[in-house]
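Data block below; observations after.
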Amino acid sequence: MSSRRAFLAGAAAITVVPFAAARATPAAMAAAIREVTGDAAVREGRVTLDMPPLVENGNAVPLTVSVESPMTEADHIKAIHVFNEKNPQPHVLDARLSPLNGRAQIATRIKLADSQKVVAIAETSSGEFFSASADVIVTLAACIEDIT
Amino acid sequence: MTNVLINAPKTAKSGELIEIKALILHPMETGFRAGTNGRLIPRNIIERFVATWNQTEIFSIAFSPAIAANPFVSFFTVARQSGTVRLRWTGDEGFNVEEQIAITVG
């Protein structure tokens, strides 16, 4: 009996501990955002981050980022960055745009390891930064399930 | 390669805004999961997607392991001249796939 208990306790420790250490944190996300923005101020607005508020499967969560911009040579969106709080790494994607795009909108599907906040940041041609965030509740997490 | 799905209009008016959607089959293994032997499965992801229209880059995106398996991307572009749109995915383990579509602008 006791050896079985010890085994179970040991197994639980092995499976749980490594991933707790490998998680990004809100602080890691803030640091990753500062790497992109530098010292520039990030303002809320102009960006729309469209994600479902509640998802069953964190392995494929649809995400659409659109930014209000005329997308002209003089005033366009140069880049869209997406970050998360609690996946193993804070980066999600970096998209490069130009006036050739005509509309500053991208869509993809991402993995979410836990219920968390996702942040989208848009960089304008004049070097300004705008942001939007979305809170997503995930019932089945991605990334951390091992193959058994 | 047949493991790519691209959805884009075949014809467009000059100056028209068109959406290009692309899906590619790929596991996007994060490198954070353990396999049946308890060891971590090595990371294998697509790192970069680039779209060019007649050799001019119109869009690029850098992926991270947080992109879902079988990455889907959608973006917009203004149709300027007839030609070839090339979509290229590159990533770990020498992954390099290019697909092209023809769009007629009239």
> How many residues does the stretch B:20-39 hold that are within 11 Å of chain A (Cβ to nearest Cβ) and surrounded by 15 or more Cβ atoms within 10 Å (Cβ to Cβ)?
Replying inline: 10
> Can you name the number of the only condition in (1) under 22 Å from residue B:33 (Cα atoms); (2) within 13 Å of another protein chain (Cβ to nearest Cβ); (3) of a type in the set (A, V, I, L, M) that residue A:137 fails?
Replying inline: (2)
> In this structure, is residue A:75 free of Cβ contacts under 8 Å to residues at least 24 places away in the same chain and over 19 Å from residue B:67 (Cα atoms)?
Replying inline: no
>> Anything in the stretch B:50-70 that is crowded, with 16+ Cβ neighbours inside 10 Å and either basic (Lys, Arg) or within 20 Å of residue B:9 (Cα to Cα) (or both)? List them, or say none.
In response: B:50, B:51, B:52, B:53, B:58, B:59, B:60
> residue B:93 versus (1) within 14 Å of chain A (Cβ to nearest Cβ); (2) part of a loop (DSSP other than H, G, I, E, B); (3) closer than 29 Å to residue B:30 by Cβ: which is the lone unmet condition?
Replying inline: (1)
>> For the stretch B:1-9, check the following and say yes or no: at least one residue is surrounded by 14 or more Cβ atoms within 10 Å (Cβ to Cβ), within 13 Å of the chain's Cα centre (by Cα) and assigned to a strand (DSSP E or B).
In response: yes
> If you go through the stretch B:10-38, how many residues are under 23 Å from residue B:50 (Cα atoms), free of Cβ contacts under 8 Å to residues at least 40 places away in the same chain and among the aliphatic types (A, V, I, L, M)?
Replying inline: 0
> Within the stretch A:86-93, is there a residue that is facing chain B (nearest Cβ under 7 Å), closer than 21 Å to residue B:58 by Cα and within 11 Å of the chain's Cα centre (by Cα)?
Replying inline: yes
> Here are some conditions: (1) within 20 Å of residue B:16 (Cα to Cα); (2) surrounded by fewer than 17 Cβ atoms within 10 Å (Cβ to Cβ). Residue B:103 meets all but one. Which one does it not meet?
Replying inline: (2)
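Computed from the coordinates by the stated procedures, all read-outs in this text should not be read as laboratory data. All values reported here derive from a predicted model rather than from experimental measurement. Note: ideal-geometry Cβ built from the backbone for every residue, glycine included; neighbour counts use all protein chains shown.
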